[in-house]
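These notes concern the structure reproduced below.
The values are calculated or read from the model by the stated rules, or taken from the named source; none is laboratory data. These figures come from a predicted structure and were not determined experimentally. Every residue, glycine among them, receives a Cβ derived from its backbone with ideal geometry; neighbour counts consider all protein chains shown. Just the protein is used for accessible areas: all its heavy atoms, side chains included, with ligands, DNA and RNA removed. Shrake-Rupley method; radii C 1.70, N 1.55, O 1.52, S 1.80 Å.
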Amino acid sequence: MSGAEEAGGGGPAAGPAGAVPAGAGAGVGAGAGASAGPAAALGEAAGPGVPDEAGLAGARQLQEAAGDPDAPPKKRLRAAETAEAAAAAAAAGSGKLEERLYSVLCCTVCLDLPKASVYQCTNGHLMCAGCFIHLLADARLKEEQATCPNCRCEISKSLCCRNLAVEKAVSELPSECGFCLCQFPRSLLERHQKEECQDRVTQCKYKRIGCPWHGPFHELTVHEAACAHPTKTGNELMEILDEMDQSHRKEMQLYNSIFSLLSFEKIGYTEVQFRPYRTDDFITRLYYETPRFTVLNQTWVLKARVNDSERNPNLSCKRTLSFQLLLKSKVTAPLECSFLLLKGPYDDVKISPVIYHFVFTNESNETDYVPLPIVDSVECNKLLAAKNINLRLFLFQIQK
């Protein structure tokens, strides 16, 4: 009876007693939430990479609640899900600072870290030098105003400026060597890969006499000690030297031609400025033309076009420029000339010298379009991105 009374009396008493801790637990939970607010804010102020102690403590409490066998099933399930979410958030918040900086400092166009200069639009969005030049070149080909891919504000060489702070920050970020897989600051990585890395790919010192070996630098000494090419016969070496002489003769032929032209009596040169224009066709095409200029007592004009005036050069990754020279004045006798274009004194474009030859008459007063010998499409984009193309023309009159 007393047991029954105890059980019966204990039942009602247990209910309120059980309710009070539940309410207290709720109060504690609310207090913990209120106190965790400033702690979480402090954690955010310290940076998303700093582990939040209050968040971790809350996650531990939720895990304990999830493992409590006396808790209702729904509560246990809800606590388990909340604990998993809290643990995932804590793990995400403890990421490396470098990984977060990669996403902040990357180029908004190619989404890669800049390797050289960094430009920003008027709203602060970053672009690497290659993408910035490519955007300006594309806009020139499409006859549009170049815009930032993020905020669509206008961009140009005058509106955008370099961000030296970002360039410095990027140069200090760690980057992995492609040979030894070690981490180095990006500013030191190039020197390490070229001079210091023991796993960098190198060639045998006897490559000039035909050794094709490529391998890691730390194996170079062993290979050169066992290389068979130093023991080649004289006849084998003569064949290799003949091939080397042929390539050397081609290079020397160009320079000898330039030196011989410099000995001519009538030589003229001038700075020329190619300005962009559009054709009158239904689908307009970009072309360049210079104002009239006088060299060797004659009036001339230069014209240039992109990708030989193909319909949509902006859709092509490979871009080239070709030009022609036009004689605008009348001549009494055929005028035989050699000419070449070189970069101007204030431009940084890379042009390989090529000499062209033509005989001008009143009936045939313009040359065919000939390639402007720029190195690659990157250099072509630099020219297209500029407001005007400034080059230097040399003319040599050949007298018989």
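With only alpha-carbon atoms counted, please give the Rg and Dmax of the stretch 84-202, in Å.
Rg then Dmax for the stretch 84-202, in Å: 17.9, 54.
Expressed as cubic angstrom per residue, what is the convex hull volume of the alpha carbon set of the stretch 230-270?
Enclosed volume per residue, from the Cα hull, is 77 Å³.
Based on the alpha-carbon gyration tensor of the stretch 128-264, what equivalent-ellipsoid semi-axes (square roots of 5 times the eigenvalues) come out, in whole Å, largest first?
Semi-axes (√(5λ), whole Å): 44, 30, 12.
Once the mean 1/r over all distinct Cα pairs of the stretch 262-400 is inverted, what Kirkwood radius in angstroms do you read off?
So the Kirkwood estimate lands at 15.8 Å.
Relative to 2.2 N^0.38 Å, what does the C-alpha radius of gyration of the stretch 114-184 come to as a ratio? Two decimals please.
1.33
What accessible surface, in Å², does a 1.4 Å probe find on Ile374, ignoring ligands, DNA and RNA and rounding to the nearest 10?
30 Å²
Tell me which GluC sites (Glu not before Pro) from the stretch 326-370 have a DSSP coil assignment and no more than 15 other beta carbons within 10 Å of their own.
Glu363
For the stretch 146-215, which GluC sites (Glu not before Pro) are both in a DSSP coil and crowded by at most 10 other Cβ atoms within 10 Å?
Here no GluC sites (Glu not before Pro) fit, given the DSSP loop and packing criteria.
Taking loop as defined by DSSP and a crowding limit of 16 other beta carbons within 10 Å, which chymotrypsin sites (Phe, Trp or Tyr not before Pro) in the stretch 224-271 fit?
Passing sites in the stretch 224-271 are Phe264.
So what J values fall out for the stretch 378-387 if you push phi through Karplus, 6.51 cos²θ - 1.76 cosθ + 1.60 with θ = phi - 60°, rounded to Hz, Gly and Pro as x?
4, 5, 5, 5, 4, 5, 5, 6, 6, 5
Determine the order of Phe293, Phe360 by accessible area, beginning with the largest, at a probe radius of 1.4 Å.
Output order, biggest surface exposure first: Phe293, Phe360.
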